[in-house]
Amino acid sequence: MITRFLAPLFKLLGKDVYCADGLITVHNHDFLQDPAFQAAYARGLKADGQDYRFHWRVHVALWAARVASRLPGDFVECGVNRGFVSSALMHDLDWNALDKTFYLLDTFAGPDPSLLSPEERASGYEARVGGSAARAFYNQDVGRVQENFGPWKNVRIIQGIIPDTLSEVQAKAICFMHIDLNCSVPEVKALDTLWNRITPGGMILLDDYAYVGFRHSKSAMDALTANLGVTVLSLPTGQGLIVRPPA
């Protein structure tokens with residue numbers, strides 16, 4: 001009886017199914033066979049050294065970066081780790097041919113527990129970001145990051161705690177911003193501080209906005225964006241997307 005009811009589902013799953021990074025779908029995902037995507041993703045893997053199967057997240061980031069690259073302004077990434085996403089973007093955009101600067105901000109030692117909100121502390125998040133698994137995930141060697149980005153010009157690697165390092169972002173205009181700090185306080189501070197420099201039409205991509213386990217980041221970002229008069233597009237990848245509206 002159970003098999004009879006599940007048979008249509010099994011038949012459906014016999015089709016080309018995408019299943020990775022918390023996302024299962026039968027919707028079209030032929031971008032995986034796109035040579036440009038494959039090359040960009042491979043460059044990201046070269047930077048990170050491990051494949052977390054972030055295909056669809058990178059697909060979204062590539063789309064946003066391509067759109068933003070046609071606008072005035074520089075690129076900013078808050079939360080670089082080993083440079084997976086930013087390396088993929090720079091390879092895809094042929095970065096050395098663009099007249100833009102990429103600002104890469106990170107502690108390069110994982111999230112700073114002192115910046116956790118009271119809600120994050122109460123939820124046990126401090127143990128998650130400070131455990132052995134987290135230490136293995138987060139880059140501890142800024143020299144490795146500097147070596148990875150060595151082939152590209154106009155790259156500013158800024159090490160330290162956000163918001164303290166935001167003053168080192170000298171861009172007068174920002175057309176693309178990627179926020180992936182896994183910690184709500186610096187994420188909100190980064191966007192709030194740099195918001196007035198975002199070019200109309202500029203892209204702000206929030207890596208963990210709707211991702212499981214990051215409810216506090218979503219709530220904090222929702223409060224900020226409501227104050228800024230914009231809304232976040234929640235994506236099934238777990239990301240959030242903001243397009244800066246005209247003034």
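The values are calculated or read from the model by the stated rules, or taken from the named source; none is laboratory data. Everything numeric in this text was worked out from a predicted model, so none of it was measured. All Cβ positions, even for glycine, are placed from backbone atoms using ideal geometry, and neighbour counts span all protein chains on display. These accessible areas exclude ligands, DNA and RNA; they are computed on the full protein's heavy atoms, side chains included. Shrake-Rupley method; radii C 1.70, N 1.55, O 1.52, S 1.80 Å.
What to note about this one:
- Listed conditions (1) closer than 22 Å to G240 by Cα; (2) outside any helix (DSSP H, G or I); (3) under 19 Å from the mean Cα position of the chain (by Cα) are all met by H27, apart from (3).
- Contacts under 9 angstrom Cβ, first residue in region 69-80 being under 19 Å from T107 (Cβ atoms), partner assigned to a loop (DSSP other than H, G, I, E, B) and of a type in the set (A, V, I, L, M), 6 or more apart: V76/V169; V76/A171; C78/I162; C78/L181; G79/I162; G79/L181
- When residues of region 186-198 are limited to those that are open to solvent by 20 Å² or more (accessible area, probe 1.4 Å) and not charged (D, E, K, R), the one farthest from the chain's Cα centre (by Cα): N196
- Filter pass, F176 being more than 26 Å from H216 (Cα to Cα) and either polar (S, T, N, Q) or open to solvent by less than 30 Å² (accessible area, probe 1.4 Å) (or both): no
- Selected residue (criterion: modelled with the lowest pLDDT) from residues of region 137-162 that are among the β-branched types (V, I, T) and either open to solvent by 80 Å² or more (accessible area, probe 1.4 Å) or closer than 19 Å to F84 by Cα (or both): V142
- Each residue in region 88-136 was checked for being in a helix (DSSP H, G or I), surrounded by fewer than 16 Cβ atoms within 10 Å (Cβ to Cβ) and modelled with pLDDT under 80, and 11 of them qualify.
- D192 charged (D, E, K, R), part of a helix (DSSP H, G or I) and modelled with pLDDT of 95 or more: yes
- Number of residues in region 43-74 that are under 13 Å from the mean Cα position of the chain (by Cα) and farther than 14 Å from M90 by Cα equals 5.
- The single condition from (1) open to solvent by less than 70 Å² (accessible area, probe 1.4 Å); (2) in a helix (DSSP H, G or I); (3) of a type in the set (F, W, Y) that W63 fails is (1).
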